[in-house]
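What follows is one structure encoded as structure tokens, with my remarks underneath.
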Amino acid sequence: MRVRLKKTVVLVGMMGAGKTAVGKALAAKIGAPFLDSDAEITEAANMTIPEIFERDGEAFFRARETEVIRRLLTAPGKSVLSTGGGAFLAQENREMISALGVSVFLSADVDLLWSRVGHKDTRPLLRTANPRATLAEIFEARAPVYALADLEVGAHPSYSITRMADKVLTALNSRDDVLETY
């Protein structure tokens, strides 16, 4: 039995929630293309996201992010799309994702997120005097918005990437409008 996407699956959530890793695993499992909006932005700009933030600011980055997400959602064919942690915060993006795809919130608590991103210097929003506290503040501010996603799949420190991809697939199977079996 094979599966085909009727809609693009858009993974949303905090930095470190596993959107890219789980997205790649899910795409491989169902034989769909995997796309990453952050990777598309960095390729188009020929700059890293921290460089874009530094040179042009967050507002500029967010505008480009919306453009890229729109392009990826309206391209022919359906895919698994990983978005940056802030992408789902914009109402325009949420409405576009809802109209053209299905959003899946990969939820994880602050301790798990910190264990994944605390040692990296590639997160512009965490370049503060107390990055762990900043992460917690971002989490508290964003959690209610992420909760607006169509589906939610909870992460746990013991879950492998494969197990998370399986949990997302199970969640997608709860809807009639996302997957087609043939």
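Looking at (1) surrounded by 17 or more Cβ atoms within 10 Å (Cβ to Cβ); (2) in contact with a helix residue (DSSP H, G or I) (Cβ under 6 Å, 6 or more places away or on another chain); (3) not in a strand (DSSP E or B), can you tell me which one residue 153 breaks?
(3)
Identify, from the list 67, 95, 137, the residue that is under 23 Å from residue 175 (Cα atoms), acidic (Asp, Glu) and out of contact with any helix residue (DSSP H, G or I) (no Cβ under 6 Å at 6 or more places or on another chain).
Every option except 95 fails the conditions.
Look through 180, 67, 92, 137 and report the one residue that is of a type in the set (D, E, K, R) and assigned to a strand (DSSP E or B). Walk me through how you get there before you give the answer.
Numbers: 67 fails: assigned to a strand (DSSP E or B); 92 fails: assigned to a strand (DSSP E or B); 137 fails: assigned to a strand (DSSP E or B).
Of the residues listed, the single one that is of a type in the set (D, E, K, R) and assigned to a strand (DSSP E or B) is 180.
Taking residue 39 as meeting all but one of (1) in contact with a strand residue (DSSP E or B) (Cβ under 9 Å, 6 or more places away or on another chain); (2) within 17 Å of residue 161 (Cα to Cα); (3) of a type in the set (Gly, Ala, Ser), write down the number of the exception.
Residue 39 satisfies all of (1) in contact with a strand residue (DSSP E or B) (Cβ under 9 Å, 6 or more places away or on another chain); (2) within 17 Å of residue 161 (Cα to Cα); (3) of a type in the set (Gly, Ala, Ser) except (2).
Within region 95-116, can you find the residues that are closer than 27 Å to residue 70 by Cβ and either part of a helix (DSSP H, G or I) or without any contact (Cβ under 8 Å) to a residue 60 or more places away in the chain (or both)?
95, 96, 97, 98, 99, 100
How many residues, within region 99-135, are in contact with a Leu (Cβ under 9 Å, 6 or more places away or on another chain), among the small types (Gly, Ala, Ser) and at pLDDT 85 or above?
Result for region 99-135: 3.
Can you give me the number of residues within region 156-182 that are touching a residue at least 40 places away in the same chain (Cβ under 8 Å), among the polar types (S, T, N, Q) and either surrounded by 12 or more Cβ atoms within 10 Å (Cβ to Cβ) or touching a Cys at 6+ places or on another chain (Cβ under 7 Å) (or both)?
Selection size over region 156-182: 1.
Given 74, 48, which one is of a type in the set (Ser, Thr, Tyr) and over 24 Å from residue 8 (Cα atoms)? Don't jump to the end; show me each part of the working.
On the way: 74 fails: over 24 Å from residue 8 (Cα atoms).
Exactly one residue qualifies, and that residue is 48.
Spot the failing condition for residue 40; the list is (1) charged (D, E, K, R); (2) touching a helix residue (DSSP H, G or I) at 6+ places or on another chain (Cβ under 6 Å); (3) outside any helix (DSSP H, G or I), and only one is missed.
If we test residue 40 against (1) charged (D, E, K, R); (2) touching a helix residue (DSSP H, G or I) at 6+ places or on another chain (Cβ under 6 Å); (3) outside any helix (DSSP H, G or I), just (3) comes out false.
The values are calculated or read from the model by the stated rules, or taken from the named source; none is laboratory data. Note that the structure is predicted; figures quoted are calculated from it, not measured. Note that each Cβ is placed from the backbone with ideal geometry, even for glycine, and that neighbours are counted across all protein chains shown.
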